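Engineer: There's a structure below that I have some questions on.
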Amino acid sequence: EGAPRFVVLVLGEGELDDSTEGVFADSAEAVADALRELGVSRVSVVYCADARLCKAPRDAPFFTVVLGAHHLARYRFDDHGVSKTLCEMQGWPAPDSSVLYNFETVNEQTLLKDIFPRWALKKHLWDYSSASVLKLARLKIDARHVPLGWSDSLERYAPVDEQRDLGVVFVGRMNGRRRQVLLELRKRGVPVYHANADALLFGDGLRDVLRRARVVLSLAYFGDADEWKATRYLPSIAAGAVVVAEAGGAPLEREAWREAVVFVEGVEAMVDVVKFYASNETARAERARRAAAVLKARRFAAALRGPVEDLVLGSCRFWRAADVGDAEAWRWRVAATSSSSASGGEL
């Protein structure tokens, strides 16, 4: 009957996976910080490389927020000729006491048909992108928009000085599309430093690079108009860099963050914007200041409060999350209607 306990669980792709833990580190810590701010009794962050080796009894006395949930699709089991999911075989993670928090563009049919719907029926499927929520809604899968925002864990990125010796920085996995965009930028006189070209870059190494950058680029991976990269935007803003991003995600979501992220369409527009902020320190510093103010005004705990209360309802009947403000300025109810298809959601 007291305050709930939580585990923030990051699921990897297997024993040889060397990146998922680092990719989700900031998001996992943000969830944990927000839960603490809301007043839960205990929260732990756990990384599990192989979900088959991460087991908990169905009546485990804690709630679980699962990151890297898309990796659940890789686990299929043959049960006397019937293909079953991890949840069906070992009863874990259980949809009634866990949340799948999705950060990925979803096309995997196992997720869409056999996994996400189980959590959606319990109202325990979250997504950080309103465009993704809308896409799922069109498939009759009801996900809840839970956008990222400011958390105390982002303080670690705060710049220690304003000595920025890196002009334009890109951090991200390379593919053909991104390689072509970088090539076009360099042809037009924008010298982009690909910070993780030779090795993985997480933790203190990533922090140090972002602190040194004047401009950080965010490039779409698939070229999908719905791609939303807030996990890239927020640490860069916290580090004092100007974020220039290829336009993606729902129009409403971009509009809500336009004072924090410079969204551009096309290489030519990106060249002009990047050159301006890389060479104009006064404008760059002012833009970075405004971006930081927008981010800090949007506490992640405020976006998490309602979803967390709904998750624990019935198990912790007398517990109420701390009042940490309102997230309505950047969180939407998304419905699969013709009107919301045009706008990206409903306010």
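Engineer: Of these, 46, 31, 8, which one is closer than 25 Å to residue 200 by Cα, part of a strand (DSSP E or B), under 19 Å from the mean Cα position of the chain (by Cα) and modelled with pLDDT of 95 or more?
Structural biologist: Criteria check complete, one pass: 8.
Engineer: Return the pair list, or none, for Cβ contacts closer than 6 Å from residues in region 259-274 that are closer than 19 Å to residue 193 by Cβ to residues that are among the acidic types (Asp, Glu), at least 6 apart or on different chains.
Structural biologist: What qualifies is 267/184.
Engineer: Follow-up question, since we're still on this one. Suppose we filter 213, 195, 199 for residues that are at pLDDT below 95, of a type in the set (Gly, Ala, Ser) and at negative phi; which single one remains?
Structural biologist: Numbers: 213 fails: at pLDDT below 95; 195 fails: at pLDDT below 95.
199 is the lone residue from the list that is at pLDDT below 95, of a type in the set (Gly, Ala, Ser) and at negative phi.
Engineer: Same structure, new question: Go through (1) farther than 23 Å from residue 246 by Cβ; (2) modelled with pLDDT of 95 or more one by one and return the number of the condition residue 160 breaks.
Structural biologist: (2)
Engineer: While we're on this one: Can you name the condition, by its number, that residue 111 falls short on among (1) open to solvent by 10 Å² or more (accessible area, probe 1.4 Å); (2) more than 19 Å from residue 306 (Cα to Cα)?
Structural biologist: Every condition holds for residue 111 apart from (1).
Engineer: Also, quick follow-up: Can we say residue 102 is within 21 Å of the chain's Cα centre (by Cα) and open to solvent by 30 Å² or more (accessible area, probe 1.4 Å)? Can you show your working first?
Structural biologist: Numbers: within 21 Å of the chain's Cα centre (by Cα): yes; open to solvent by 30 Å² or more (accessible area, probe 1.4 Å): no.
Taking the combined requirement at face value, the residue does not satisfy it.
Engineer: Next up: Can you say whether residue 180 is surrounded by fewer than 20 Cβ atoms within 10 Å (Cβ to Cβ) and at pLDDT 95 or above, as far as the supplied structure shows?
Structural biologist: Details: surrounded by fewer than 20 Cβ atoms within 10 Å (Cβ to Cβ): yes; at pLDDT 95 or above: yes.
Yes.
Engineer: Now, a different point. What are the residues in region 251-275 that are more than 24 Å from residue 186 (Cα to Cα), open to solvent by 60 Å² or more (accessible area, probe 1.4 Å) and not basic (Lys, Arg), if any?
Structural biologist: The answer is 251, 255, 259.
Engineer: Here's a follow-up. If I ask for residues that are modelled with pLDDT of 85 or more and not in a loop (DSSP other than H, G, I, E, B), which ones from region 89-108 would you list?
Structural biologist: Answer for region 89-108, where residues must be modelled with pLDDT of 85 or more and not in a loop (DSSP other than H, G, I, E, B): 98, 99, 100, 101, 102.
Engineer: Something else: Scan region 144-181 residue by residue and report those that are hydrophobic (A, V, I, L, M, F, W, C) and closer than 24 Å to residue 283 by Cα.
Structural biologist: Correct list: 150, 154, 158, 160, 166, 168, 169, 170, 171.
Engineer: Looking only at residues that are part of a loop (DSSP other than H, G, I, E, B) and among the hydrophobic types (A, V, I, L, M, F, W, C) in region 114-142, which one is most open to solvent (accessible area, probe 1.4 Å)?
Structural biologist: 139
Engineer: Looking only at region 276-304, count every residue that is assigned to a helix (DSSP H, G or I) and either in contact with a Gly (Cβ under 6 Å, 6 or more places away or on another chain) or surrounded by 17 or more Cβ atoms within 10 Å (Cβ to Cβ) (or both) and tell me the total.
Structural biologist: The total comes to 14.
The values are calculated or read from the model by the stated rules, or taken from the named source; none is laboratory data. Remember, predicted model here, so these are calculated numbers, not experimental data. Quick reminder, even Gly has a Cβ in these numbers, built from the backbone with ideal geometry, and neighbours come from all protein chains shown. Just the protein is used for accessible areas: all its heavy atoms, side chains included, with ligands, DNA and RNA removed. Shrake-Rupley method; radii C 1.70, N 1.55, O 1.52, S 1.80 Å.
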